[in-house]
Protein chains: 4
Amino acid sequence: MERVIRFCMIGAGRAGKVHLNTVVNNIPRGKVVAVVDSIPDALTSAADDFGVEGRFTSLEEALEKSQFDAVVITTPTPTHKPLAVLAAENKKHVFLEKPMALNIADCDAIIAAVRMNEVFLQLGFMRRFDPEFATAAQRIQAGEIGRPMMIKSLTHGPGLPPPWARDLTTSNGMLAEVNSHDWDTVRWLMGSDLERVYTEVANFKGAANQIDTPNFYDNVLVNIRFESGGLGSISGVCPCGYGYDARVEIVGEQGIMQIGELEGQAVVVCTDRNQGLITPIYRTWPERFAWGYIREMQHFVQSILQDIPPKVGGEEGRWAVAGVLAGNRSWLEERPVTLREVLKTA
Amino acid sequence: MERVIRFCMIGAGRAGKVHLNTVVNNIPRGKVVAVVDSIPDALTSAADDFGVEGRFTSLEEALEKSQFDAVVITTPTPTHKPLAVLAAENKKHVFLEKPMALNIADCDAIIAAVRMNEVFLQLGFMRRFDPEFATAAQRIQAGEIGRPMMIKSLTHGPGLPPPWARDLTTSNGMLAEVNSHDWDTVRWLMGSDLERVYTEVANFKGAANQIDTPNFYDNVLVNIRFESGGLGSISGVCPCGYGYDARVEIVGEQGIMQIGELEGQAVVVCTDRNQGLITPIYRTWPERFAWGYIREMQHFVQSILQDIPPKVGGEEGRWAVAGVLAGNRSWLEERPVTLREVLKTA
Amino acid sequence: MERVIRFCMIGAGRAGKVHLNTVVNNIPRGKVVAVVDSIPDALTSAADDFGVEGRFTSLEEALEKSQFDAVVITTPTPTHKPLAVLAAENKKHVFLEKPMALNIADCDAIIAAVRMNEVFLQLGFMRRFDPEFATAAQRIQAGEIGRPMMIKSLTHGPGLPPPWARDLTTSNGMLAEVNSHDWDTVRWLMGSDLERVYTEVANFKGAANQIDTPNFYDNVLVNIRFESGGLGSISGVCPCGYGYDARVEIVGEQGIMQIGELEGQAVVVCTDRNQGLITPIYRTWPERFAWGYIREMQHFVQSILQDIPPKVGGEEGRWAVAGVLAGNRSWLEERPVTLREVLKTA
Amino acid sequence: MERVIRFCMIGAGRAGKVHLNTVVNNIPRGKVVAVVDSIPDALTSAADDFGVEGRFTSLEEALEKSQFDAVVITTPTPTHKPLAVLAAENKKHVFLEKPMALNIADCDAIIAAVRMNEVFLQLGFMRRFDPEFATAAQRIQAGEIGRPMMIKSLTHGPGLPPPWARDLTTSNGMLAEVNSHDWDTVRWLMGSDLERVYTEVANFKGAANQIDTPNFYDNVLVNIRFESGGLGSISGVCPCGYGYDARVEIVGEQGIMQIGELEGQAVVVCTDRNQGLITPIYRTWPERFAWGYIREMQHFVQSILQDIPPKVGGEEGRWAVAGVLAGNRSWLEERPVTLREVLKTA
């Protein structure tokens, strides 16, 4: 009989259910044996939907009563460190959603725990497994556009984040919750660590949405200088309403590359010449990154089965957190901030 | 002082005004000195709009009272032969809108008249002057996609043609009035004369539009075999409502080429993720072929100024008429029809 | 324990391995227990690649020595009837690759066998499960572009078919082997059976490829009239070299719809302004229809698990075969041929 | 006889010849009577190419010996003020290429001179007359995407600027010479003046191009905060090699709009499935903005003929210069710089 990786899914929210669905319906070598959520309704609903028998309100309970090889953590960011450390100490491999943590110290604690316990840690940077992003990265590394000079990465999302995810004190705000992937993407595709950042933010819809979170913003634009000398920008708009939008444009010494596009499905319709052509847009992130979610989980399962460390781990998560912290400090202090300042603090 | 070509515009309908506007506003080396139309209101309106002083209700009158070098004929097809022949006999260069004539004999009469009187004849196949079509033709002729094997050309137009233009007895119907350009395009791009055609037609909207013209159709699809052995299709839909649509796809031994696209201006908007992206479509033919109309007229003026025959003349017009006649006979007799049959009849 | 559908894969060629890979790697509720191929090397290679233990050189042997619920038949067309009938008689559900059979009588025999034995039959028309085609069909049926008037469907494939697949006597040629999907697609999307067809073929590359198969052609263009009065075309080019190309364009009374596009991955690069932008094209059919292959197999498995007949069965396969037969007769006899003629013969 | 505007073209370099060609070949109501250039060869070559008789080595000489209504100034930036002022004082209308001047004081001097002499001043911001940019502006102003929140504008150009145009002391460098249009575009489309900017620059190709200009850079990325609260970025890459690239993306409260695209002509070719599809890119700015150059000159001529001030004048030119000055100060001083600082200095 073939070996199958048994999963405990920690968190039954939106991201949790995406991964739950993936393992159940797309990964023959994976099996979900337990779901954990502290909210009973969410727990029951998710477990029922996917026919999972093991249902627990804490990881501690799951560890005690169930047998599994790996956890998938999709709970709010502040819980990442304790959960990941506890899982690692119990010799479970850890798949951890982004952002890795609220600060560098927590990142370091997680990295130390998985290293000491000799388990694997994979960060949920699914863009690295999207066929378009992955192909693009290979082609850039092969030199197709020459040495990267300038990159622009954007994530615009349709829905207002939940209160905890837009409050700087509980989440580091949109730069962390919406733009985590961009921080990882620009570093990956530019092939360079970040040197300094400058951030501007804007609050357009907060009043209309009756948001009184201090420091709330719904638009952010970060200017980056890389250690390589290259330049970059990250933009975030959330809620943007018009769809889920994640694209990159990168210019190298020899040319330009665009990754992703505004168009979704290739079904183009025109019924009114005064209106014009209509093409679907990606409505949501699970739709845009359907393959990314499947392939990152295949990669995690194969990494465990073949005992080879996964490609995207703690180091990548930590750099993304550092970018967020520098980015936030920049707009709060209205000046460019180096990554070194942030990493030194830690 | 530079020589300027003086024009008499015969026909003040839609096509007439497109050319009138072009000469007046875009061709410094051309000057409109006369407009001819048998309908007084149309005549006055067009001449007023473009500040033309010479206004006549017949070509005969214009010839008598005005001085000009060339005519632009945009009147209904049955008038093409008498007008073109009269103009040629009076030593005027002739720019003649498509379709050239209703039958091969008329085409031959026009060709003979311009030859005998040593004037130039240019057919209004503006697609030959569209930057995209022209570039495509050059690249095909240079061998970029290898020997052409299969071509598809379409013209779908938004508005219902006027009664004379959809009646087989006065106009040869849609294959002539809407698809004239396609007949020329497929022969030009395939680099081969046509051998035989098979046509199917359909009438979907005639009843709703209360059309009782015998043999009316609003959809037509022609299958073509070329003398080169290549294959092709021409499709026409009119009225199609959704916009003005003229595209070509051609496959050669070494590759494929697409000419034109459904999208118009590159202004893409999304305001509703459930609807998707909206891109303008070309609404009308003057909009789609804005450059084609300017460049064909520049070519005509330059041909006269430099005394070099224009690139698209009677031969091209005659082949397009032959295609139309074979295409019509095919669907009326429900069988494939060779071009030879049609040309022999003539 | 959840019920899992056990599969015997009959045929270890290219299509066979695509389905084998799908069931093994993408369908948690399916399990391959046997592979059948009469060529020992092909059998071993496929079974090794996907870790299947049951290996047999005939369906008879597999039936005797292995336990399974369903077969997937991907062997050459002439074998479809005997294999499908034998499987049905042994109460196995049948997933049958296109084309269904060489003639109407064989289609009828297969339909009778599955009916009598109360098993399911699903035809391998994966385009019905492609997200773009499926969405398009729903939107057309919902009336978005009005009553369908004209459809164009094309399949251009990169590689030369094997000898049996280009010989009319063993396979019905390219119209069957390459364009089977188009026959199903146009009927499905137009919502109408076909009335008559007219076909032109061309042979451009046969000599260069040293093909002496009688009646060989590498280009085909079919003109169709539907019972609804609508028009259509199917084009095939094989080998076309430039990529795998499967697109549909459909015009309805209210508008136009394009399904699929020439572009593959949204990774656009420009490194030379004299060359221009480069975008990937789909290289192969498994790549173009990656989701289609997964979703049709999910559908088959779910149909069996839930005991609901699959959506695409014998009737659809039979109509596609009828189209092929009429299409072939047309170009051989150089005349339009009705589907009724072909169905009556049967 | 219709009134025709007589032009004196000052500057026979690349931009000068673009305007010369436009007036001669596309503007029937304009006539070039004089060309001025201090370099005899350039003067003769341009005048010969377009058949202009009046040839002068200075504006003073042209004013003395020729009769004209308007000048088009395309000489290097430092000459703009003296030439524009001299022309205005001689009651000539002024069409002035961007950037308007090297500093705010010079802008003010030009504005004062045209005002005092009651002549018109139009700045060469041809993007305002590009059909796509112009349509986009109208649609944004009509509220289609809601209140503008974030804009990104880019200009990447193929060729290395001449030495004077990359030296901060003689030209304000790339932000002025390459990105002038972006400064105007973002202000126009956002409907707001700029508040502060932060700039990063990079020098990737300077060494390879043996450039020893102090402060040379070939990549620049500016972060902008608008007075409206909106955010923006401007990017410049020059030389970028891959083509001429000018695009804008703008997000409003209700949606997103993209203006322009990487693709040029709609002629798509694929001859190699391993390479993919090839689409032309715009090679040069005269090609990309062909309509913009014609329409801005039509607008200038019509403004004079109808005695209505042109739409884009000194105020727009001055704001673009202010942006450049703030942008430069930002990267030199490594801090965000407000426009107020720059305007106050003036």
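Coordinate-derived values only; no laboratory data. Given the structure is predicted, the values throughout are model-derived calculations rather than measurements. Here the Cβ positions follow ideal geometry from the backbone for every residue, glycine too, while neighbour counts run over all protein chains shown.
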ask   = For residue D:283, which inter-copy label distances result when the label point lies 7 Å beyond Cα on the Cα-to-Cβ vector, reported in nm to one decimal and in ascending order?
value = 3.1, 3.4, 4.6
key: Relative contact order of segment A:176-328, defined on C-alpha pairs under 8 angstrom at six or more residues apart (%)   = 22 percent
query = When only C-alpha pairs under 8 Å and at least 6 residues apart count, what is the relative contact order of chain C, in percent?
reply = 19 percent
key: Viscosity 1.002 mPa s, 20 °C: Kirkwood-radius Stokes-Einstein D of segment C:1-46 over Cα pairs, µm²/s   = 197 µm²/s
query = Looking at chain B, what % of its DSSP beta bridges pair antiparallel, to the nearest 5?
reply = 55 percent
task = Would you please give the FRET efficiency between residue B:274 and residue D:67, computed as 1/(1 + (r/R0)^6) with r the Cβ-Cβ distance and R0 = 56 Å, to the nearest 0.05?
result = 0.35
key: Loop-located chymotrypsin sites (Phe, Trp or Tyr not before Pro) in segment B:107-175 whose Cβ has at most 11 other Cβ within 10 Å (DSSP)   = none
Calculated label separations, residue C:208, copies of the chain, 7 Å along the beta-carbon direction, nm = 3.7, 4.6, 5.9
remark   = With Cα springs under 10 Å, the Gaussian network model of chain A assigns the largest mean-square fluctuation among A:315, A:333, A:296 to A:333
message = Cut-off 10 angstrom, C-alpha nodes, Gaussian network model of chain C. Which of C:245, C:130, C:108 fluctuates the most?
response = C:108
ask   = Roughly how many whole Å is it from the C-alpha centroid of segment D:248-275 to that of segment A:1-74?
value = 42 Å
query = In whole percent, what relative contact order does segment D:1-86 give with Cα contacts below 8 Å and a gap of six or more residues?
reply = 37 percent
message = Suppose each label sits 7 Å from its Cα in the direction of the beta carbon; what would the residue A:210-residue D:142 distance come out to in nanometres?
response = 3.5 nm
request  = Taking the rotation that carries C onto D, look along its axis and tell me which residue of C has the beta carbon nearest to it, distance in whole angstrom.
outcome  = C:278, 3
key: Two-decimal Rg/Rh across segment C:35-105, once Rg and the Kirkwood Rh are taken from alpha-carbon atoms   = 0.97
message = Ordered shortest first, which distances in nm separate the 7 Å Cα→C-beta label point of residue C:115 from those of the other copies?
response = 6.7, 7.1, 9.1
ask   = In the structure shown, do any of B:152/C:205; B:17/D:98; A:152/A:344; D:17/D:311; A:98/C:17; B:98/C:205 have a Cα-Cα gap over 25 Å, and if so which?
value = B:17/D:98; A:152/A:344; A:98/C:17; B:98/C:205
key: Percentage of interatomic Cα-Cα distances in segment D:179-337 larger than 19 Å   = 67 percent
query = Which Rg and Dmax, in Å, describe the Cα atoms of segment B:75-122?
reply = 9.3, 25
DSSP-defined antiparallel bridges as percent of all bridges, the protein assembly as shown, nearest 5 = 60 percent
message = Can you classify segment B:102-188 as rounded, prolate or oblate using the Cα gyration tensor, where a ≥ b ≥ c are the square roots of its eigenvalues, rounded means a/c under 1.5, and otherwise it's prolate if a/b beats b/c and oblate if not?
response = oblate
ask   = Shape call for chain D from the C-alpha gyration tensor, a ≥ b ≥ c root eigenvalues: rounded (a/c under 1.5), prolate (a/b greater than b/c) or oblate?
value = rounded
ask   = Which residues' amide hydrogens lie under 5 Å from the amide hydrogen of residue A:277, considering only partners 5 or more residues apart or on another chain, with H built in the peptide plane?
value = B:279, B:281
request  = Determine, from the Cβ-Cβ distance of residue B:287 and residue D:332 and an R0 of 35 Å, the FRET efficiency 1/(1 + (r/R0)^6), rounded to the nearest 0.05.
outcome  = 0.15
query = What ³J(HN,Hα) values, in whole Hz, does the Karplus curve 6.51 cos²θ - 1.76 cosθ + 1.60 give for segment D:52-67 when θ = phi - 60°, with x put for Gly and Pro?
reply = 9, 7, x, 9, 9, 9, 8, 5, 4, 5, 4, 4, 6, 9, 10, 10
key: Fluctuation leader among A:64, A:253, A:177 - chain A, Gaussian network, Cα springs under 10 angstrom   = A:64
message = With just the Cα atoms defining each centre, how far is segment B:170-204 from segment A:116-181? Give it in Å.
response = 53 Å
inquiry  = I'd like the distance separating the alpha-carbon centroids of segment B:290-333 and segment C:327-345, in whole Å.
reply    = 37 Å
ask   = Is segment C:55-201 best put as rounded, prolate or oblate by its Cα gyration tensor, with a ≥ b ≥ c the root eigenvalues, rounded for a/c under 1.5, and otherwise prolate when a/b is larger than b/c, oblate when not?
value = prolate
